[in-house]
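Please treat every number below as a calculation from the coordinates, not as lab data. Owing to the predicted nature of the structure, the values given are computational and were not obtained by experimental measurement. Counting neighbours? That spans all protein chains shown, and the Cβs are built from the backbone with ideal geometry, glycine included.
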Ligand code: HH2
C-alpha cells in the first residue's frame, strides 16, 4: 500500500503533494511502482494533530481520487475517520475505507461501509491523535490490541460487513510507547490468528527515529528493515511512502523465505547432537 497524503502538515510528506496535479502524478507513480493499493488521505493523524473539517478533507482528496480512478486499476483506499468523507470518496471511485478509529469516531462509518460493499481497514488506536501519545499504558499490549480488533471485527460484522472484506492493523505509533511498538511488530502472527490479513504502517515512524536517532527524511533504511521484519512476523500488507524501495526489499525477502520453508537447508543433514 502506497501512501498519498494530500495535506500541508503530514509528518513526512506534508505539503509535497498538496497540489492536486502533483498528487495524481504521485499516485500514478506509486501504481507504476507496483502498489496494490493507493491510500489517499486529506487529514494528518500525527501525534497532536488537530482534526480537519469534512468539507476541507473532501476538497483535498475527491478530485485526486476521481482522476486516479480514471487512470489506474490499482485499488484506492481513503484514509479517513468521517463517514461523510468515506461515502463521497467511494462515490468518486475509492474501493476501501481505511479508518484509523476502526469505526469508533463516527457512528455512521460502519453502516456506510456495509451499504457500499467496500473493503474496510480496522486499526487500533488508544485515544485520539490529539491525546494518544500522552502517557499510553497497557498491562499486555498484544492481548489488549488483539481483544480490541476482535471486538471491532464483531462490531463490523454485526453491521452487515462480511468478514472477508476486513483488514486489521495494530496501529504502530498510535497511543503506543517505543517498547509497545516493538512488541507488536514481534507479535503480528498472534494478531493474524483473528483470521484476517494484518496491515502495518511502519513507514518512517518515530520508533525508527528512536533507534537510529534520525529525522523522518533519513529513515528509509530503517523503514526497509522494519518492513522485512514485519513480513517475517506475519504482516500481509505494508503501508509505506517509499513503495518502490520497500517492494524490492520485500520481494527478495519473500522469495528467500518461500524457498526456505519448502526446503530447509539442514534437512536430512543435521542430527541432534547426542553425547
Ligand atoms: N499511519 C498513518 C496514517 N494512516 N493508517 C493505517 N491503517 N495504519 C497506519 O499505521 C497509519 C494509517 C500515519 O502516517 P502518515 O499518513 O504518513 O502521516 P500523517 O498522519 O501525519 O499524515
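Here are some conditions: (1) within 25 Å of residue 236 (Cα to Cα); (2) touching a residue at least 60 places away in the same chain (Cβ under 8 Å); (3) more than 11 Å from the ligand (Cβ to nearest atom). Residue 29 meets all but one. Which one does it not meet?
(2)
Can you work out which of the residues in the stretch 68-83 that are part of a helix (DSSP H, G or I) and in contact with a strand residue (DSSP E or B) (Cβ under 7 Å, 6 or more places away or on another chain) is nearest to residue 6 (Cα to Cα)?
Result: 68.
Which one is nearest to residue 199 (Cα to Cα), of the residues in the stretch 94-136 that are surrounded by fewer than 17 Cβ atoms within 10 Å (Cβ to Cβ) and more than 16 Å from the ligand (Cβ to nearest atom)?
Filtering the stretch 94-136 for residues that are surrounded by fewer than 17 Cβ atoms within 10 Å (Cβ to Cβ) and more than 16 Å from the ligand (Cβ to nearest atom), the one nearest to residue 199 (Cα to Cα) comes out as 117.
What number of residues within the stretch 32-44 are within 11 Å of the ligand (Cβ to nearest atom) and over 25 Å from residue 83 (Cα atoms)?
The qualifying residues number 0.
Report every pair of residues separated by at least 6 positions or lying on different chains whose Cβ atoms are under 6 Å apart, first residue within the stretch 87-101 and under 22 Å from residue 152 (Cα atoms), second within 14 Å of the ligand (Cβ to nearest atom) and in a loop (DSSP other than H, G, I, E, B).
From residues that are under 22 Å from residue 152 (Cα atoms), the pairs are 99/81; 100/45; 100/125; 101/81.
Among the residues of the stretch 192-222, write down those that are part of a helix (DSSP H, G or I), touching a helix residue (DSSP H, G or I) at 6+ places or on another chain (Cβ under 6 Å) and either in contact (Cβ under 8 Å) with a residue 12 or more places away in the chain or within 15 Å of the ligand (Cβ to nearest atom) (or both).
If the condition is that a residue be part of a helix (DSSP H, G or I), touching a helix residue (DSSP H, G or I) at 6+ places or on another chain (Cβ under 6 Å) and either in contact (Cβ under 8 Å) with a residue 12 or more places away in the chain or within 15 Å of the ligand (Cβ to nearest atom) (or both), then 207, 208, 210, 222 are the ones that fit.
Only one of (1) within 12 Å of the ligand (Cβ to nearest atom); (2) closer than 19 Å to residue 96 by Cβ fails for residue 173. Which number is that?
Evaluating residue 173 over (1) within 12 Å of the ligand (Cβ to nearest atom); (2) closer than 19 Å to residue 96 by Cβ leaves (2) as the failure.
Considering only the stretch 45-67, state which residues are touching a strand residue (DSSP E or B) at 6+ places or on another chain (Cβ under 7 Å) and either closer than 28 Å to residue 163 by Cβ or within 12 Å of the ligand (Cβ to nearest atom) (or both).
Listed by number, the residues that qualify are 61, 65.
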